[in-house]
Amino acid sequence: MEASVLPLINLSNRGNLIEKINHKIVLFTRERVLDKEIYLTLKKRLALSRTTLGRDDYLNTAVFVPLVFRNTEYYFLFEKRAIDIPQGNEICFPGGVFDPEKDKVLRDTAIRETEEEIGIDRKKIIIEGQCNSVIAPMGAIIDVFIGVLDIAGPEELDINVKEVEKVILIPVSYFMENEPDKFSVYLEIKPSYFDENGKETILLPAWELGLPGRYHKPWKSKNHQILVYKWKDEKIWGITAKIVHEIVKFLKGPGNKEDFDYPG
């Protein structure tokens, strides 16, 4: 299904040049090419498939990164999760866990979860491609799909209030022009852990297996980077911020300057 022709706003009194490219109208300004060109570049760069060795050992999930065209530019559409569900009140993209009874592939997961969470007909969910997968420290693989919602705005959505408090639109240009704050958390691999009563649970019996002594205690300590974007009173952080950051790097990648002129 092809996306419908996007609405145009008359900006002729601001010295814009209107050109027809491939029978679609694209707006240009003297300062920069508008976000239509970002979208076209994104489509060129998307890979169609990904494979990950040993992925059955992970929790397999998928998210959809929705783009909405509004007021001459593209916006990311985020969800703010309902307060009574896991990770409540956090900002995320639509998505969830692969369900073999409902989904043939992870692309189906992304579409199904988007449909269920924000109340949109799947015919209006237009997936353009798949970005790189994210492997999360807690043992999940997140397959990231990106595309457009064929809507004029969020007022057309019927969000599932049991899962979603509200949706938030933020211009893609905001993330192109603003770097996230960078923090870190400390991670280490433990062959055992102690519960609240002080009882030890051994996960890897390194001593019994005759493994080297360094594996008898926590090892491979490292700092794990955490990104945080600030938007008004909201914080986009963690995996969601990582996905946004990777998409921005993707758009700013080598060769982009030949495709369009965009600050940064």
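Where a number appears in this text, it was derived from the coordinates with a stated rule and is not lab data. Computed from a prediction, not measured in an experiment: that's the story for all the values here. Cβ coordinates were reconstructed from backbone atoms using ideal geometry, including for glycine residues, and neighbour counts include every protein chain displayed.
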About its Cα centre, how strong a charge dipole does segment 183-224 have in debye, to the nearest 20, once Lys and Arg get +1 and Asp and Glu get -1 at the Cβ?
260 debye
Estimated FRET transfer efficiency (residue 209, residue 89; beta-carbon r; R0 41 Å; 0.05):
0.45
Students often check this: by mean Cβ neighbours within 10 Å, which of 88-99, 226-237 ranks highest, and how do the rest follow?
88-99, 226-237
Sequence of 245, 216 once ranked by neighbouring C-beta atoms within 10 Å, starting from the fewest:
216, 245
Neighbourhood net charge (10 Å Cβ-Cβ; Lys/Arg +1, Asp/Glu -1) for residue 93:
-3
Residue-count net charge about residue 108 - beta-carbon cut-off 15 Å; Lys, Arg +1, Asp, Glu -1
-2
FRET efficiency for residue 136 and residue 102, using Cβ-Cβ distance with R0 set to 25 Å, rounded to 0.05:
0.65
How far apart, in nm, are two points set 7 Å out from the Cα along the Cα-to-Cβ line at residue 126 and at residue 201?
4.8 nm
Within the set of other residues whose C-beta is less than 9 Å from the C-beta of residue 134, count the net charge using Lys and Arg as +1 and Asp and Glu as -1.
-1
Segment 144-209: which GluC sites (Glu not before Pro) are DSSP loop and have at most 10 other beta-carbon atoms within 10 angstrom?
196
Need the full-extension length gain, residue 250 to residue 82, defined as separation in residues times 0.36 nm minus the C-alpha distance. One decimal, nm.
57.4 nm
Check each of the trypsin sites (Lys or Arg not before Pro) in segment 149-182 and keep only those in coil by DSSP with at most 15 other C-beta atoms within 10 angstrom; list them in order.
162
